[in-house]
Amino acid sequence: MKNEVIKVGGMSCVRCSAAVENSLKSVNGVESCEVSYANGKAFVCYDEEKTDIKILEKAIKRAGYEVIEDVRKARKREFRQTLYTFIFALVFALPFFVMMGCMMFGLHLKLMHNGVLQLILAAPIQFVAGFRFYKGAVSGLKNKSPSMDLLVALGTTASFAYSVYSIIIGSDVFYFESSAMIITLVLLGKLLESRARAKTSEAIEKLMDLAPKSATVLRDGREEVIPASQIVKGDTVIVHPGEAIAADGYIVSGSASIDESMLTGESMPASKGIGDSVFGGTVNGNRSFSFVAEGIGEETVLSGIIRLVEDAQSSKAHIQSIADKVAAVFVPTVASISAITFFATWLITNSVSDSLDSAVAVLVIACPCSLGLATPTALMVGLGRGASMGVLIKNADSLELACKIKAIVLDKTGTLTEGKPKAVEIRELDNIPDALMYAACAESRSEHPLASVICELYSGELPECEEFESVTGNGVTASVNGKKIAVGKPEWVYSLCGSDIPDDLASLANGGNTVVAASVDGIPAIAFAITDPVRSDSRAAIEKLHSFGIRTLLVTGDNESTAKSVCEQVGIDEYVANALPATKVESINKLKSVYGITAMVGDGINDAPALTAADVGFAVESGTDIAMESGDIVLVGGGISAVSGAISLSKATMRKIKQNLFWAFFYNTIGIPLAAFGLLNPIIAGAAMAFSSVSVVTNSLLLKKVKL
């Protein structure tokens, strides 16, 4: 199976996305398909042996829409086209607006009551400016996904046709102003909606704009300015003060303070020196440096973030299914209500004009777009804001679940602590030469966060490490220069040696230190007391979690003394010490049964099973591997404060979605009956419908201002 993202143009409302979706699903070989009106993309999973991208593109075109290269350019083009169409309609509709205004003050312009003149003014609006509605209506019917376009086309055509009939029979009852003003007002609404909807994707656009267009590289001993797209792996790139970095890599000369806020959300610049990693899109401070390019184009961290956010914005939250089910039957239902209204009013009043008024008002007051936009627009703004905070949410369901978390399991290193451990004491346990070298050599193959601390203590050249084995939750074993080495938890190392832990070794754990022991050929040789300072923001973050009513549990492989010390420092409810990876999974399942929805915060490597077992997995990353499969929410830059920020964002986003859905349902529930009972003028109904979608999108945009 292959996954493909196809950019779709020409969608004017949420039911258009359903039409594209139906057309793509009808293609043989398509396994699944989701089309997002909010960001103009189709996400298709298909069998390459049965179909290909060309066939999928033909299906989109067959549905009446276009395949585009750049969504932003297409949206700008559509906005311009809508603007020009609206201006065209407004020019011809102005006399009708003037006529309506004069009538409100008891003035009647005799000229404007001429049916032929009204026909001359209304026809260009109906068939030129309104052509898009006829086109959309036909496409919707053809794809069995009728949209708002059908309602507008039916309502305005009925008014226009009745008015033409009145001219033919010599009557002076015309509805040209209704059809003309409804189309003009709907176009204005689409124009404002388009402008507001573009702002929902501002976060992604800002990320895209971070990538510089050019870079200075060193080739053949000379500095050369080239387009950033021409950088190749291995190029030495020179970054001058104030410039954005054009690719991912590592510094080979110089040093700098780099603004990495676009990755981590941290406002303070990060100090970088030789050997340190740098990331494309981040901004250099006031010193020049050179780095070797390793990640270019789609391989950069920035590109990974953009892909993650775009994928998440195109996913559908569970709550959206309610609106989707209603929208699927909305247009046929409204058309039926309009027909019933016409005949019922005719039977009661015996007036065709009154019946037409009410029927047209029902058609144009109804707005499936506000229902369809309620969820995706709020999600787009929320997910975009998350990205700017260094919180990358992989799918809409995770965002929806995060606000319901009742308990959370926490890892210690890099989450509650700074993730920069250092050795504070080294103790020889026996007189064994080169004990430090043996320990460092064995740990050089380990991925455990504490392994690098021991390796850095030895400055010499390490011999070959053979027969390396990682013993999950305990440590590592290896063969170095023919000697058997074990490094890990003291109780495990001493058990391999067949001896008891001496009482004085416990003193190394004072103050919350983590103790690592090493043996050589079955003899305890050396021990290390390693500390990882608690982050300054951890206590405040835990207090914020408690304010949400969330139960906190620290599960760590460290000893009891260390676990207890960390819990006391930051205020965690309870802890489990000396834990294996399986213990974390057990703890999660236990909390699930007691409290309900449970989350896990871990480093995304050692904690992969626990992150998968949790209802919501928060993977704390350094920014070098943000696209890991483990974890539903990736916290770039780490820290428990990002977890509370993500939960606050989830609560705020879901609140906006519920507000949007309430007003969308309320608007249609109240508006349609008012129109059916003749209490709503078609023109006012058209204006209300036009602005209903705008109000939903505007409410979603307010999420940018919510304090988290």
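The values are calculated or read from the model by the stated rules, or taken from the named source; none is laboratory data. The structure presented is a predicted model; accordingly, all values stated were derived computationally and were not measured. Don't worry about glycine lacking a Cβ; one is built from the backbone with ideal geometry, like all the others, and counts go over all protein chains shown. Surface areas here come from the heavy atoms of the whole protein model, side chains and all, with no ligands, DNA or RNA. Shrake-Rupley method; radii C 1.70, N 1.55, O 1.52, S 1.80 Å.
Neighbours of Val515, meaning other residues whose beta-carbon lies under 11 angstrom from its beta-carbon, give a summed charge of -1 when Lys and Arg score +1 and Asp and Glu score -1. Just to be sure I understand: of the beta bridges DSSP finds with both ends in the chain, what percent are antiparallel, rounded to 5? In the chain, approximately 80 percent of DSSP beta bridges are antiparallel ones.
Separation of the range 1-43 from the range 650-708 is 26 Å, based on Cα centroids. Annotation for Lys404 and Asp47: the two label points, set 7 Å from Cα along the Cα-Cβ direction, are 3.5 nm apart.
The accessible surface of the chain, taken with every protein chain in place and a 1.4 Å probe, is 56 percent carbon and sulfur.
In degrees between 0 and 90, to the nearest 10, how far off the longest principal axis of the chain does helix 682-701 point, with axes built from Cα atoms? Once rounded, one gets 10 degrees.
Considering only the Cα atoms of the chain, their convex hull presents on average a projected area of 39.1 nm². Direction-averaged projected area, Cα convex hull, the range 375-523: 12.7 nm², rounded to one decimal. When you work out D = kT/(6 pi eta Rh) for the range 106-186 at 37 °C and 0.692 mPa s, using the Kirkwood radius from C-alpha pairs as Rh and the Stokes-Einstein form, the result is 247 µm²/s. For the Cα trace of the range 146-207, dividing Rg by the Kirkwood Rh returns an Rg/Rh value of 1.28.
Equivalent ellipsoid of the range 436-481: semi-axes from √(5λ) of the C-alpha gyration tensor, largest first, are 16, 13, 7 Å.
With N as its number of residues, the range 384-460 has a Cα radius of gyration that, divided by 2.2 N^0.38 Å, comes to 1.74.
Per residue, the average separation of C-alpha pairs within less than 8 Å and at least 6 apart gives the chain a relative contact order of 14 percent.
Debye-formula intensities of the range 161-258, expressed as log10 I(q)/I(0) at q = 0.10, 0.22 Å⁻¹, are -0.54, -1.11 (one equal scatterer per alpha-carbon, no solvent). Helix 581-595: angle to the longest alpha-carbon principal axis of the chain, degrees 0 to 90, nearest 10? Compared with the principal axis, the helix lies near 50 degrees.
So if we plug the beta-carbon distance of Lys54 and Leu83 into 1/(1 + (r/R0)^6) with R0 = 41 Å, what FRET efficiency do we get, rounded to 0.05? Computed FRET efficiency for Lys54 and Leu83: 0.75. If only the Cβ of Lys and Arg carry +1 and only the Cβ of Asp and Glu carry -1, the dipole of the chain around its Cα centre is close to 4240 debye. Considering the range 468-561, its Cα convex hull presents a mean projected area of 7.7 nm². One chain, two ends: Lys25 and Ile340. Fully extended at 0.36 nm per residue, the span grows by 110.0 nm beyond their Cα-Cα distance.
The 3J(HN,Hα) values that the Karplus relation (6.51, -1.76, 1.60; θ = phi - 60°) gives for the range 213-229 are, in residue order, 8, 9, 8, 9, 10, 9, 9, 6, x, 10, 7, 9, 8, 10, x, 4, 5 Hz. Gly and Pro appear as x. Selection among Ser470, Gly512, Cys441 by position relative to the dipole of the range 424-561 gives Gly512 as farthest towards the positive end (Cβ unit charges, Cα centre). Using only the Cα atoms of the range 304-463, each taken as one equal point scatterer with no solvent, compute I(q) by the Debye sum, divide by I(0), and report log10 of the ratio at q = 0.10, 0.11, 0.21 Å⁻¹. Evaluating at q = 0.10, 0.11, 0.21 Å⁻¹ gives log10 I(q)/I(0) of -0.69, -0.76, -1.24. In the chain, taking the dipole from charged Cβ atoms about the Cα centre, the farthest positive-side position among Pro124, Ile640, Val30 is held by Pro124. Spatially, the range 565-604 and the range 166-189 are offset by 67 Å when compared through their Cα centroids. As a calculated quantity, the FRET efficiency between Lys704 and Glu467 at R0 = 51 Å, using C-beta atoms, amounts to about 0.35.
Taking the square roots of 5 times each eigenvalue of the Cα gyration tensor of the range 19-83, largest first, gives ellipsoid semi-axes of 24, 11, 10 Å. Legend: calculated FRET efficiency, Ser495 to Ser32, from the Cβ-Cβ distance at R0 = 45 Å, rounded to 0.05, equals 0.30. In terms of distances greater than 26 angstrom between alpha carbons, the cross-link table entries Lys272/Lys705; Lys58/Lys206; Lys406/Lys658; Lys272/Lys584; Lys25/Lys316 yield Lys272/Lys705; Lys58/Lys206; Lys272/Lys584.
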